[in-house]
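We did not get these values from a lab; they are worked out from the coordinates using the rules stated. This structure is a prediction, so every number in the text was calculated from the model and none was measured. Ideal geometry is used to build each Cβ from the backbone, glycine not excepted, and the neighbour counts take in all protein chains shown.
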Amino acid sequence: MATKYSSKINKIRTFALSLVFIGFIVMYVGIFFRESMLLMTLFMLLGLLCIIGSTVVYFWIGMLSTKAVQVVCPECKKYTKVLGRVDMCMYCREPLTLDPSLEGKEFNEKYNRKKKES
Ligand SMILES: [Zn+2]
């Protein structure tokens, strides 16, 4: 849990975006196998699958966003979404928790980060 330094929604979004790029790269690689119709089709299908996969992931983010709890970040006063028990602010990466029993741990992490900054 302590190694997660980015908001979960942002992480999934980055993953979906990279999946689109991977899809395009795979399709592009397919062009180099023009001589073999089978290989080219295979690469094209793989690339298409990656892009479809990213669409699915984007859809999943949409579903998760509706489930996430919207809170006002105590640090930057912006509206952010908390996914699960512990998450981070999408704007300032402030650790946020909905579980009071985890509060102590998160505050420790916050102190470490603040010491580094100053
Ligand atoms: Zn914030």
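A few points about this structure:
- Selection of trypsin sites (Lys or Arg not before Pro), segment 1-64, meeting DSSP coil and at most 14 other Cβ within 10 Å: Lys4, Arg34
- The simple Förster model, with R0 at 30 Å and r as the Cβ-Cβ distance, assigns Cys92 and Ile22 a FRET efficiency of 0.50.
- Rounded FRET efficiency, nearest 0.05, which uses the C-beta distance separating Arg34 from Thr66 and R0 of 35 Å: 0.20
- Computed lengthening from Cys76 to Thr41, 0.36 nm per intervening residue step minus Cα-Cα distance: 7.6 nm
- Once C-alpha pairs closer than 8 Å and six or more residues apart are averaged by separation and normalised to the residue number of segment 1-67, the relative contact order reads 40 percent.
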